[in-house]
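The values are calculated or read from the model by the stated rules, or taken from the named source; none is laboratory data. Every value quoted in this text rests on a predicted model; they were computed, and no experiment measured them. Cβ placement follows ideal geometry from the backbone for every residue including glycine, while neighbour counts extend to all protein chains displayed.
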Amino acid sequence: MKKHLHISSIENGAEGPNTEKCVTLITPSGETRFSIMKMRVREVIGFTSIFLSLSLFLAAFAVAAPKKEKAAAGGGDGQKIFEGKCAQCHGKDAKGVVKMAKVLKTEPVEMDLTRADAVKLTDAEIVTTVTNGKKKMPKYKGKLTDEQVQSVVKYLRTIQGSGASK
């Protein structure tokens, strides 16, 4: 016994862009299997363009977020870099962290960047120390750009000028 499907098409309204068509498939026993409402082409295009626009908007934020962080670090924000890379040992005020000196088994005075002999260092000497490291201090070559190192030196000079030990 073959099953036949009856297909009916109903137009709703006048012809034109607002015409909706409903296709209903009916089995020989009279059961409705499913109905499919054809969406207007403009609606499909509209939804698609909104979806793509939203996707591109979100993708732009996903890509821009890491770049923004890099730009902040690379843009000469010496304070943020100092607080993120240096303050663990040298303290936010650059006077040194005694507990870190004990952990690193070094003299706390060596961690104080506001002491007289540290203030007397030239910018080039500080850049060399930051880039290549010194004693227990790690090197930041390849981790910080030249511009970032310069911004840290500039920030350090503001700290040394405002609260240097005499």
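What to note about this one:
- Looking at Lys99, Lys95, Lys105, just one residue is assigned to a helix (DSSP H, G or I) and at pLDDT 85 or above, and that residue is Lys99.
- Qualifying positions in region 93-130 - of a type outside the set (Asp, Glu), in contact with a helix residue (DSSP H, G or I) (Cβ under 6 Å, 6 or more places away or on another chain) and closer than 19 Å to Gly78 by Cα: Ala94, Gly96, Met111, Leu113, Thr114, Val119, Ile126, Val127, Val130
- Qualifying residue in region 111-131 (condition: at positive phi and assigned to a loop (DSSP other than H, G, I, E, B)): no
- Selection over region 139-154 of residues that are closer than 16 Å to Gln88 by Cα and either more than 26 Å from the chain's Cα centre (by Cα) or part of a helix (DSSP H, G or I) (or both) gives a count of 1.
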